[in-house]
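The values are calculated or read from the model by the stated rules, or taken from the named source; none is laboratory data. A quick note: this is a predicted structure, and the numbers were derived from the prediction, not measured. In this analysis, Cβ positions are derived from the backbone assuming ideal geometry, glycine residues included, and neighbour counts consider all displayed protein chains. For accessibility, only protein heavy atoms count, side chains too; no ligands or nucleic acids. Shrake-Rupley method; radii C 1.70, N 1.55, O 1.52, S 1.80 Å.
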Amino acid sequence: MASKTCTYAALPDAIDLVSYDAVVVGSGFAGSVLARELAERGELRVAILERRPQIGGNAFDCLDSQGVLIHEFGPHIYHTGSERVHGYLSRFTDWLAYRHEVLAFIDGNYIPVPFNLNSIEQSFATEKADALKAALLAAYPEGSKVTILELREQKNGLLKELADYVYEKVFVYYTMKQWGLSPEEIDPAVTARVPVLVGRDNRYFQDRYQGMPAEGYTALFQRLLDYPGIDIFLNTDAVTDAHLQLSSVGEKGVAGAGPDGGAAGSGTADTADAPFTAITLQGKAYNGLVIYTGALDELAGYRFGQLPYRSLDFVYRRYPQKHVQPCGTVNFTVSEDYTRTTEYTWLTGQDLEVTTVAEEYPRAFLDPQSQIPYYPVFTEANQAAYDSYKALFQRLPDFYLAGRLAEYRYYNIDQIVERALALADGILEA
Ligand code: FAD
Ligand code: UDP
């Protein structure tokens with residue numbers, strides 16, 4: 001990895017982590033933006049601990065065996081309405097103009113998703129389509145977005161018919177595959193991400209800024225992290241390698257999260273909910289800042305049980321031709337075990353005579369040793385379980401939780417960057 005100022009290495013024995021002003025666990029967007037801000041604006045010395053062999057978290061990309069730029073942890077399309085986020089990220093990359101269009105493969109036809117007026121015309125005979133479009137336009141202003149759960153509440157016969165069709169053909173099976181839950185069982189915000197669109201915009205996202213980093217996400221991360229004072233330690237797990245340990249001395253007994261990943265100290269049932277009050281690193285007391293972007297249940301030794309996540313398996317198909325599918329992503333909403341296929345050359349604009357397609361198979365997240373927790377499963381009960389974990393960390397003054405895992409939220413890249421910048425503002429002002 002080319003870098004002028006950063007160290008990219010496993011944690012050498014001689015490195016004394018407690019000498020750093022800040023330790024950042026994880027090098028995804030949350031950790032990397034915070035590391036840069038603390039180093040650049042705060043002039044702090046920052047150590048990033050990353051357990052994977054590369055930077056970038058789930059947005060990492062790389063060339064595959066046939067030279068196609070793939071996203072190893074799932075397809076990432078950048079989009080934002082935030083001036084601050086776009087201005088910030090544009091310091092580290094140029095953008096490739098890319099409009100992400102998704103087609104759902106329904107009963108042998110490719111139909112635009114989000115379902116819109118074009119989708120209606122492609123799914124119904126002309127007379128019926130005209131009636132459905134008129135009913136939709138009578139109920140909602142042109143250009144508006146209606147969630148599928150909201151549309152299903154409609155009493156109007158035509159709207160109900162449309163809602164039932166879209167629910168059956170677009171949402172039910174896909175959602176069951178993705179979450180192992182029905183659209184009613186998962187938080188409504190999840191299906192609201194893909195509303196019915198009362199218009200003809202076939203783009204998946206309507207944000208003002210959208211595109212792909214011109215040289216890929218990894219190159220963006222390399223520039224983001226290439227700053228004096230940032231040292232990056234890859235293949236370094238914060239708990240098992242750097243011995244990040246939290247303890248609650250003096251708080252209803254002694255409980256702790258130890259280097260074995262399990263509860264250390266006397267983490268028995270009556271002390272398990274004692275908040276943490278002290279941090280050690282490499283066996284020494286640490287009084288600097290800690291930014292933690294990993295999973296909270298893991299850090300707390302799973303003392304209240306495992307938080308539910310969904311994992312993914314990716315199966316790659318490689319072809320000796322330019323393109324095999326009509327657009328970047330095809331959603332399989334009524335058939336197949338995988339949810340979607342992504343053909344990366346559409347996303348990246350690579351002009352090759354070969355192509356690579358990834359099939360995405362959602363899985364229950366059962367084994368933290370062999371699986372990646374990609375998505376928090378956002379339900380009220382799971383949020384309550386997360387809150388119990390979060391309460392453990394509230395007493396540590398300089399310990400900050402940031403990111404999709406640590407906050408147990410379904411955030412996009414831009415939301416993570418926005419939150420990381422705001423957190424950096426708060427820390428630096430303090
Ligand atoms: P992550 O990227 O998960 O980074 C966390 C890092 O912490 C990881 O590198 C991990 O190895 C490291 N870590 C965890 N625990 C430890 C530990 N104990 N020690 C050391 N290191 C540790 N967003 C979009 O805007 N557009 C998209 O198209 C899009 N597509 C997505 C597709 C998929 C399949 C997924 C899963 C997410 C997608 N997202 C998308 C969301 C996007 O990935 C996230 O918003 C963003 O990457 C989250 O960044 P993060 O830093 O919070 O977490
Ligand atoms: N969804 C669906 N059918 C689709 C697209 C989305 O049922 O064709 C639902 C599904 O529950 C999914 C959610 O909407 O998990 C959010 O979709 P999005 O494309 O935003 O998911 P992501 O890209 O984050 O995996």
Taking the range 379-408 and keeping only residues that are in contact with a strand residue (DSSP E or B) (Cβ under 8 Å, 6 or more places away or on another chain) and within 9 Å of ligand 1 (Cβ to nearest atom), one is left with ALA402, ARG404, LEU405, ALA406, GLU407
Among the residues of the range 93-110, which ones are in a strand (DSSP E or B) and without any contact (Cβ under 8 Å) to a residue 24 or more places away in the chain?
ASN109
Only one of TYR408, TYR400 is crowded, with 18+ Cβ neighbours inside 10 Å and in a loop (DSSP other than H, G, I, E, B). Can you tell me which?
TYR408
Counting residues that are of a type in the set (Ser, Thr, Tyr), which helices (runs of 4 or more DSSP H) fully inside the range 111-223 reach at least 2?
117-123, 173-179
Among the residues that make up the range 72-92, is at least one of them of a type in the set (Ser, Thr, Tyr) and closer than 20 Å to ASP351 by Cβ?
no
Which condition does ASP130 not pass, out of (1) touching a helix residue (DSSP H, G or I) at 6+ places or on another chain (Cβ under 8 Å); (2) more than 16 Å from ligand 2 (Cβ to nearest atom); (3) more than 22 Å from ILE77 (Cα to Cα), if it passes all the others?
(1)
Can you name the residue in the range 61-107 that is closer than 27 Å to ILE372 by Cα and of a type in the set (Ser, Thr, Tyr) and, of all such residues, is most open to solvent (accessible area, probe 1.4 Å)?
SER65
Condition first: within 16 Å of ligand 1 (Cβ to nearest atom), touching a Leu at 6+ places or on another chain (Cβ under 8 Å), modelled with pLDDT of 95 or more and among the aliphatic types (A, V, I, L, M). Can you find one or more residues in the range 214-235 that meet it?
yes
Which condition number in (1) away from ligand 1 (no atom under 16 Å from the Cβ); (2) in contact with a helix residue (DSSP H, G or I) (Cβ under 9 Å, 6 or more places away or on another chain); (3) farther than 30 Å from GLU37 by Cα is the one that ARG91 fails?
(3)
Residue identified as open to solvent by 10 Å² or more (accessible area, probe 1.4 Å), within 16 Å of ligand 2 (Cβ to nearest atom), at pLDDT 95 or above and under 28 Å from ALA295 (Cβ atoms) among PRO183, PRO188:
PRO188
Boolean, GLN325 is open to solvent by 40 Å² or more (accessible area, probe 1.4 Å), in a loop (DSSP other than H, G, I, E, B) and away from ligand 1 (no atom under 14 Å from the Cβ):
no
As an exercise: evaluate TYR375 against (1) touching an Asp or Glu at 6+ places or on another chain (Cβ under 9 Å); (2) near ligand 1 (Cβ under 9 Å from one of its atoms) and give the number of the one condition it does not meet.
(1)
The condition of being of a type in the set (Gly, Ala, Ser) and either over 27 Å from the mean Cα position of the chain (by Cα) or over 30 Å from LEU312 (Cα atoms) (or both) holds, among SER144, SER182, only for SER144
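A quick yes/no check of all residues on (1) within 16 Å of ligand 2 (Cβ to nearest atom); (2) in contact with a strand residue (DSSP E or B) (Cβ under 8 Å, 6 or more places away or on another chain); (3) under 30 Å from PRO362 (Cα atoms):
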{"residue": "PRO12", "(1), (2), (3)": "no, no, no"}
{"residue": "TYR20", "(1), (2), (3)": "no, yes, no"}
{"residue": "VAL23", "(1), (2), (3)": "no, yes, no"}
{"residue": "ARG36", "(1), (2), (3)": "no, yes, no"}
{"residue": "ARG51", "(1), (2), (3)": "no, no, yes"}
{"residue": "ILE77", "(1), (2), (3)": "yes, yes, yes"}
{"residue": "ARG91", "(1), (2), (3)": "no, no, no"}
{"residue": "ASP94", "(1), (2), (3)": "no, yes, no"}
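Per-residue answers, yes or no, for (1) within 16 Å of ligand 1 (Cβ to nearest atom); (2) touching a Pro at 6+ places or on another chain (Cβ under 7 Å):
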position	(1), (2)
ARG99	yes, no
TYR110	no, yes
PHE124	no, no
SER144	no, no
GLY157	no, no
LEU162	no, no
TRP179	yes, no
VAL190	yes, no
Starting from the range 70-86, keep only residues that are within 20 Å of ARG208 (Cα to Cα) and among the aliphatic types (A, V, I, L, M), then list their pairs with residues that are at pLDDT 95 or above and not in a loop (DSSP other than H, G, I, E, B) whose Cβ atoms are within a distance under 6 Å, requiring at least 6 positions of separation or different chains.
VAL85/ASP414; VAL85/VAL417; VAL85/GLU418
